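Some notes on the structure that comes next.
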Amino acid sequence: MSSYQLRRRAWAAALIVAFFLMWEVLCLSLNISDLIVPRPSQVFTVMVQRMPVLWPHILQTLWTTMIGFGLGVIVGVVIGVLIGTSRIAYDTAYPLLIGFSSIPKVAVVPIFVLWFGAGPVPAILTALAMCFFPIVVNIATGLASTEPELEDVLKSLGASKLDVLVNVGLPRTAPFFFASLKIAATFAFVGTVLAETVASNKGIGNVMMSASSNFDVPLVFAGLFILAFLGVALYVLFSLIEQRFVGWANRRSDAAA
Amino acid sequence: MDATPRHQFDAVKLWEASVSFGPPGRAVPALQETSLSIKQGEFLALVGPSGCGKSTILRLAAGLLEPTTGDVLVGGREVKAKALRLGMAFQNPTLLPWLTIEKNVMLPLRIVRPFRHDFRRKKRGEYRDRVHAMLDDVGLSKFANHYPWQLSGGMLQRANLCRALIHEPQLLLLDEPFGALDQFTREELWNAMQTLWMKRKPTVILVTHDLKEAGFLATRICVMSARPGRIIDNSPVDFARPRTIAMTFEPDFVALNQALREKIIAARSQTAEHAA
């Protein structure tokens, strides 16, 4: 790692620490009640103290999100490839997809609950519904914008359509795909928590709902912190995978093979 | 397949092939009723003013384009049958940016029959050695594990030629592959190309703007008219092989060059009259 990168990371860490320090100092100096905005130190204390109780909820949110996200990736890739490789599919299916993605997902959760009852299924489905669209758009764009010259290279070798897709289309689309994964992962969390808040008896969303009705504001904030942390963790995970697989798209000197 | 004696097929045969682009009614003709036969083992150079449909002929032979009217046969059969193993090098290097040079050059072995059948088994052994030997020939062995963006234009073009040749094509289609190179690299690659052609005798169609290049490499030169292209002249080139760069300064060679030049200039001025 270069000293430049090291310095950049140090600054990022410093910014986070400074943010929490400011928050703490502002709360203390303005004497804000912890019923309105608890101090970060309070939130962290609550988080650690209640961890045995919180842990099953964290796991619940995590696995429902991951399943929803996984299904979203599959659905997104399949639809994206279909739309990206076929001009007709692109023109006919896009309006429907955009219409679907424009529906606020809060409005869909009650329908899922009506169909499947309160529990993990609506959470999974909401996560899926939230996260597949960016994947579709990115894959379709990546495939549709593949340089015809690159495809010609394969076609002149007598490659089948599948060969072209596997050897040119998909690798060419990979940077778009990974960019969309990072967005989709955070969207999936939003979806899960949304469903959990509306109708569930488990999960971080549910914890935050019941905590806020008990005026246990530090616990509500603890839930928020946990969600933020999970989101960042997933983002980092996908960034690492991205660097591993599509390093060629980042032509920085330190990315050289 | 059967016991009857095989016919002597032309490697590539165009029969009154026309190509036009765009919707019917407003179609723009690119190639006009062109007939052309290229024998097995011939090295044909196509020259002519820019935009005259030279590349269109290559794309027809490669099966990247279908004639609007007329027929195109490769190896005596329709293009789709892929009767001849095909290698193609474009004007732009078109290397895949996510693959190293080695893997780029290896690409045809992964795609083309019969090599793809053995690819999984041989990619680390025999095929890799073959790629390295080829890269060595063009002075790129040190760059096998580099990515295309780390190489200069001339190096990319050499890798591009390696990719077109690695699967020992029977028909080689070259679309100005030496165009963007400096004089000396170009002459070096002409020599390499000549050696290779003399060794394996593939059928070659070379599209070029460079008359010296055409005279140096080709066994026959076709001059095309301005758009929509037709073949207006067909001259064999009989200089002894191996030809040398020094030979390109001899009177016979210069005379050929000059004759071709005049034909192309005449073809160009026709367009000017059309336009006027």
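Only one of the listed residues (A:Leu194, A:Leu125) is aliphatic (A, V, I, L, M), assigned by TED's automatic domain parsing to the domain that holds A:Leu82, over 23 Å from A:Ala228 (Cβ atoms) and in contact with a helix residue (DSSP H, G or I) (Cβ under 9 Å, 6 or more places away or on another chain). That residue is A:Leu125. If only residues of region B:52-82 that are at the interface with chain A (Cβ under 8 Å from one of its Cβ atoms) and over 12 Å from the mean Cα position of the chain (by Cα) are counted, the one that is farthest from A:Pro148 (Cα to Cα) is B:Lys82. Listed by position, the strands (runs of 3 or more DSSP E) enclosed by region B:163-276 that each have at least 2 residues that are surrounded by fewer than 18 Cβ atoms within 10 Å (Cβ to Cβ) are B:231-236. Entry remark, region B:151-174: residues being in contact (Cβ under 8 Å) with a residue 60 or more places away in the chain and either more than 22 Å from the chain's Cα centre (by Cα) or within 12 Å of another protein chain (Cβ to nearest Cβ) (or both) number 10 in total. Within region B:83-115, the residues that satisfy the criterion of being more than 9 Å from every other protein chain (Cβ to nearest Cβ), farther than 22 Å from A:Val246 by Cα and touching a helix residue (DSSP H, G or I) at 6+ places or on another chain (Cβ under 6 Å) are B:Ala89, B:Leu109, B:Phe115. Looking only at region A:82-139, residues that are out of contact with any Leu (no Cβ under 9 Å at 6 or more places or on another chain), among the β-branched types (Val, Ile, Thr) and under 27 Å from A:Thr197 (Cβ atoms) come to 5 in all.
The number of residues in region B:180-199 being farther than 15 Å from B:Thr244 by Cβ and aliphatic (A, V, I, L, M) comes to 3. Applying the condition of being surrounded by fewer than 20 Cβ atoms within 10 Å (Cβ to Cβ) and in contact with a helix residue (DSSP H, G or I) (Cβ under 6 Å, 6 or more places away or on another chain) to region A:200-217 and asking which residue is farthest from A:Ile58 (Cα to Cα) yields A:Ser212.
Taken over region B:116-140, the residue count meeting the criterion of being among the hydrophobic types (A, V, I, L, M, F, W, C) and within 14 Å of chain A (Cβ to nearest Cβ) is 1.
Restricting region A:146-173 to residues that are polar (S, T, N, Q) and crowded, with 19+ Cβ neighbours inside 10 Å, the residue that is nearest to the other protein chains (Cβ to nearest Cβ) is A:Ser156. Please determine whether any residue of region B:141-150 is within 14 Å of chain A (Cβ to nearest Cβ), touching an Asp or Glu at 6+ places or on another chain (Cβ under 7 Å) and exposed (fewer than 12 other Cβ atoms within 10 Å of the Cβ). Checking region B:141-150: at least one residue is within 14 Å of chain A (Cβ to nearest Cβ), touching an Asp or Glu at 6+ places or on another chain (Cβ under 7 Å) and exposed (fewer than 12 other Cβ atoms within 10 Å of the Cβ). Among the conditions (1) farther than 25 Å from B:Ala214 by Cβ; (2) at pLDDT 90 or above, B:Ala3 misses just one, which is (2).
The values are calculated or read from the model by the stated rules, or taken from the named source; none is laboratory data. Remember, it's a predicted structure, so these values are computed and weren't measured experimentally. Every residue, glycine among them, receives a Cβ derived from its backbone with ideal geometry; neighbour counts consider all protein chains shown.
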